Amino acid sequence: MKTIFLPDKVNTIIRTLQAAGHEAYAVGGCVRDSLLGRIPEDWDITTSAKPEEVKALFAHTVDTGIAHGTVTIMLDHEGFEVTTYRIDGEYEDARHPKQVEFTPLLSLDLQRRDFTINAMAYNDKEGVIDLFGGIKDMQNRVIRCVGDANERFDEDALRIMRAVRFCAQLDFAIAPDTLAAIASHAEELSRISAERIRVELTKLLLSEHPERLLTAQETRLTAVFLPEFDRMLATTQENPHHIYDVGMHTIHALSYIAARTNTAKTGADANPPLPSLADSDHTLASLSKKDQTVLRYAILLHDCAKPETKSTDSDGRAHFYGHDCHGADLAEKILRRLKFDNDTIRAVSHLVGMHDTRYADSGKSVRARTVRRAISRIGAEYLPLLFLLQEADLNAQNPALLPDKLRQLDEARRMAEKILSEKQCVCLKDLAVNGSDLIALGVKPGREIGRILAELLDYVIEYPEKNNREELLAQADQIMRMPPKMPLPKPNPIQYM
């Protein structure tokens with residue numbers, strides 16, 4: 001175990017409380033993470049002092065949870081939660097106690113906590129206080145409830161999800177008695193708000209081991225909050241492109257992107273399938289947490305509609321026609337059920353709808369016009385995430401067919417970078433003419449302007465060198481003279497698998 005170094009401000013709070021005759025410790029996740037060599041996200045402090053006694057010792061405090069004994073102390077605009085030792089009363093909604101009782105005993109406060117690894121306290125004077133075997137469980141890489149697991153989950157059903165989330169974040173196993181209690185309490189998760197479940201699921205997916213979603217499925221948790229995943233695991237893929245069922249394909253895709261993300265951040269050599277695919281390292285390392293969340297959910301849901309779109313031909317080969325479009329709609333429904341914000345819903349569902357875009361026929365080279373057309377449909381702002389989604393998708397398919405697919409994806413990625421860096425026209429705002437130019441040409445305002453601009457965009461995507469005002473106005477004049485039923489010839493559409 002690592003040595004714990006308390007931040008100066010945390011030490012200041014603890015020593016101030018001790019100097020006034022009170023006990024005080026850093027407690028919970030910050031102690032756990034410090035002992036594991038991880039950087040704590042925040043530092044919580046527990047004390048024998050009552051809330052009013054805490055407030056009397058510090059100049060700037062906020063009553064963030066005064067009814068439950070929590071006061072936030074502000075030091076140089078940074079907040080630290082300080083909570084009085086307490087015993088929780090009866091839980092009325094599988095989440096919150098009806099009332100709490102303050103206690104002078106640290107042991108009773110630690111006893112009410114969820115897992116042994118979260119039930120440790122520390123200060124520089126006394127060292128680590130570990131009454132329930134948290135250090136031993138960390139050494140054995142085990143998640144175990146404090147005391148009786150059934151009682152802990154009866155008190156707060158969200159702890160069920162937290163157990164699986166810690167399992168994914170720390171790469172720990174769940175102790176057999178705790179695992180059995182999770183399975184027996186699975187239905188109680190339905191009493192927990194969608195927002196709370198979303199937070200835990202997101203942390204699991206963003207972890208280095210998103211494959212632990214299988215633990216949630218094996219203990220019947222996904223049947224409560226993501227039944228679509230259960231159906232994906234039950235959907236086989238009798239198709240030469242795949243060697244896994246839909247659910248396991250999704251798990252392998254999530255595991256792939258998690259490993260690539262870790263590699264990108266650490267700089268370690270992960271032996272990417274093609275050397276040039278290492279270019280995506282920079283994109284992965286620079287993604288915001290928001291974009292990482294969008295990417296992981298897009299991977300999770302990219303094939304969510306395959307169960308409902310599966311068909312089998314006379315040769316016994318499975319097909320999933322339209323699963324991308326149907327998947328976009330289903331992903332939106334799932335994310336709304338989980339109470340996601342509109343921006344995330346829009347981005348994920350769009351990526352799901354676009355994920356099956358292909359840039360060339362099998363064995364053939366990628367063409368620039370096909371990539372330009374893809375960018376026009378997808379939107380340049382979504383391309384980095386889409387390419388990462390497709391990279392993960394391909395690496396979870398049949399490895400025998402992987403080299404050619406990865407070559408094409410890499411060609412498309414590089415070609416897209418070139419097209420965008422050269423500012424080639426891929427959308428209406430990049431056209432050298434606009435609606436006002438067409439009105440001046442004699443086009444009446446209305447739908448006809450939109451139709452002609454769309455035709456001009458098709459023309460420029462096919463011939464990018466033609467994007468100048470003179471040539472486009474001449475082309476627009478030709479379009480105006482054509483019968484409405486005779487649109488300009490278009491290049492071959494983007495190919496789909």
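What follows draws every value from the coordinates through simple rules; no lab data is involved. Owing to the predicted nature of the structure, the values given are computational and were not obtained by experimental measurement. Cβ sites come from the backbone with ideal geometry, for glycine too, and all protein chains shown count toward neighbours.
Is the shape of the range 289-365 rounded, prolate or oblate, going by the alpha carbon gyration tensor and its root eigenvalues a ≥ b ≥ c, with a/c under 1.5 for rounded and a/b larger than b/c for prolate? In terms of gyration-tensor shape, oblate. A Förster distance of 22 Å, applied to the separation of the beta-carbon atoms of Leu36 and Ala259, puts the FRET efficiency at 0.65.
Taking the DSSP beta bridges with both ends in the chain, the antiparallel portion is around 85 percent. Ignoring the sites themselves, the chain has its longest run without trypsin sites (Lys or Arg not before Pro) in a DSSP loop having at most 14 other Cβ atoms within 10 Å at 142-316. Counting only chymotrypsin sites (Phe, Trp or Tyr not before Pro) that DSSP places in a loop and that have at most 14 other Cβ atoms within 10 Å, the longest clean stretch of the chain runs over 6-320.
Between Asn342 and Arg15, what FRET efficiency comes out of the Förster formula 1/(1 + (r/R0)^6) with R0 = 41 Å and r the beta carbon distance, rounded to 0.05? That pair, Arg15 with Asn342, gives E of 0.30.
Work out, step by step, the length gained on full extension between Ile243 and Asn468: first 0.36 nm times the residue separation, then minus their alpha carbon distance; give nm to one decimal.
That pair, Ile243 and Asn468, stretches by 76.1 nm at full extension.
Let me make sure I get this right: for the range 270-409, a, b and c are the square roots of the gyration tensor eigenvalues over alpha carbons, sorted descending. Under 1.5 in a/c it's rounded, otherwise prolate if a/b > b/c, else oblate. Which is it? Taking the square roots of the gyration eigenvalues as a ≥ b ≥ c, the range 270-409 is oblate. Ignoring the sites themselves, the chain has its longest run without GluC sites (Glu not before Pro) in a DSSP loop having at most 16 other Cβ atoms within 10 Å at 239-421. Placing a label point 7 Å from the Cα of Glu101 along the Cα-to-Cβ direction, the residues of the range 56-86 whose backbone N falls under 13 Å from that point are 86.
With a ≥ b ≥ c the root eigenvalues of the C-alpha gyration tensor of the range 387-473, is it rounded (a/c under 1.5), prolate (a/b larger than b/c) or oblate? Verdict is prolate for the range 387-473. A helix-only calculation puts the chain at -15000 deg cm²/dmol for mean residue ellipticity at 222 nm, using -39500 (n - 2.57) for each DSSP H run of at least four residues, averaged over all residues.
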